[in-house]
Amino acid sequence: MTAADGGTGPAGPERGPVAPGSGWPDDPATPATPVAHDAAGVRALAAGAGGMTELAARQSVCRACPRLVEWREQVAVVRRRSYAGERYWGRPVPGWGDEHPRVLVLGLAPAAHGGNRTGRIFTGDRSGDVLFASLYRCGLASQPTSVSAADGQQLVGTRIAAAVRCAPPANKPAPAERETCAPWLSAEFALAMPDLAVVVCLGAFAWQALWPVLRGAGFAGTRPRPAFGHGAEVLARFPDGEPAGQQLRILGCYHPSQQNTFTGRVTPAMLDGVFGRAAQLAGLGPGPAAA
Ligand code: SF4
């Protein structure tokens, strides 16, 4: 399929991607938001963002990875038949939630017909259904479901971000794409750091992506990288070598992918165990009662 010929998908009212500042709910960007066109652009614009809103805006218009830009926009044009009547976002999915989070939830990348459709991370797909239900039970989200950017859902002391912001083909970003996108995460982490108590990594890829960010920020306890596992818990200290400094807990959690939930590799109770622990560590929500 190609964006140029409109693909072979079903007809519908409008086809994405959505223009910045054109009225999409919670669109952080405007037509004036600067656009990164390559890795150097990502580094410069990520480092220069003055706050979470500006950073999210810049993330949401990025065009630095040609393969991913083409894919996300093609998907937004062709669409899945079951969403034929919907406009797709078709842009990078920025970090979303509390601007001063106590808990940061880190995933891999948006889903082609989930975040890439709704414009909000983990929103509108089965992984998100399972994730948000657990966040709600643990006091970290205001509603048990997250279906669209206009559904009124709010996170409580929590922010969700993806290590790679564009939906990749087969859910597999290339190593160079991960590297190019990494400065967006480093900048988001740096802005969140003063208030942050816990990072929950959903899956081994998110776990891998976090450690260079921690090392770059000056945290101790990060080398060598601890092994990922469900329920893994690591204490990182900042600054490196200063036991009295800020402490950050890193929690591992199996990704609530369809495959993992269908096979029972991860269950709602297992997610509640991790997010209940995160809420407890962060002083949010019902904490252990949810676990
Ligand atoms: S994956 Fe990241 S760096 Fe690449 S185009 Fe998307 S937002 Fe930009």
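Bear in mind these aren't lab numbers, they're just calculated from the coordinates by the rules spelled out. Being a predicted model, the structure only gives us computed values, none of them experimental. Ideal geometry is used to build each Cβ from the backbone, glycine not excepted, and the neighbour counts take in all protein chains shown.
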- In whole percents, the bins of 10 Å from zero upward hold the Cα-Cα pairs of segment 1-138 as 12, 39, 35, 13, 1
- Please work out the FRET efficiency for the pair Gln154 and Asp38, using the Cβ-Cβ distance as r and a Förster radius of 35 Å; give the result to the nearest 0.05. 0.50
- Note on the structure: Fraction of alpha-carbon pairs in segment 69-190 farther than 21 Å apart, rounded to whole percent, equals 36
- Item | Gln259 versus Ala47: modelled label distance in nm, points set 7 Å from Cα along the beta carbon direction | 3.7
- Message: Full-extension gain between Ala232 and Ala204, please, as 0.36 nm times their residue separation minus the C-alpha to C-alpha distance.
- Response: 9.0 nm
- Vicinal HN-Hα couplings computed from phi for segment 59-66 (Karplus, 6.51 cos²θ - 1.76 cosθ + 1.60; Hz; Gly/Pro x): 4, 6, 10, 5, 9, 7, 10, x
- For the chain, the fraction of alpha-carbon pairs in successive 5 Å shells from zero, as %: 1, 6, 13, 17, 19, 18, 13, 8, 4, 1, 0, 0
- Long-range amide H contacts for Ala111: which residues qualify at under 5 Å (H placed 1.01 Å from N, peptide plane, sequence gap of 5 or more or a different chain)? Asn116, Phe122
- Plugging the Cβ-Cβ distance of Arg67 and Ala19 into 1/(1 + (r/R0)^6) at R0 = 22 Å yields, to the nearest 0.05, a FRET efficiency of 0.50
- Placed amide H near Val199: partners under 5 Å, 5+ positions off or other chain: Leu104, Arg249, Ile250, Leu251
- Query: Applying the Karplus parametrisation 6.51 cos²θ - 1.76 cosθ + 1.60 with θ = phi - 60° to the phi angles of segment 200-217, what ³J(HN,Hα) value in whole Hz is obtained for each residue in order, glycine and proline being reported as x?
  - Reply: 9, 9, 8, x, 5, 5, 4, 4, 4, 5, 6, 5, x, 5, 5, 4, x, 7
- For segment 14-26, Karplus-derived ³J(HN,Hα) couplings (6.51, -1.76, 1.60; θ = phi - 60°; whole Hz; x for glycine and proline) come out as 9, 10, x, x, 7, 6, x, x, 9, x, 5, x, 6
- Item | Potential lengthening between Asn171 and Thr145 on full extension [0.36 nm per residue; Cα-Cα distance subtracted] | 7.1 nm
- Over the Cα atoms of segment 233-282, what Rg and Dmax result, in angstrom? 14.5, 44
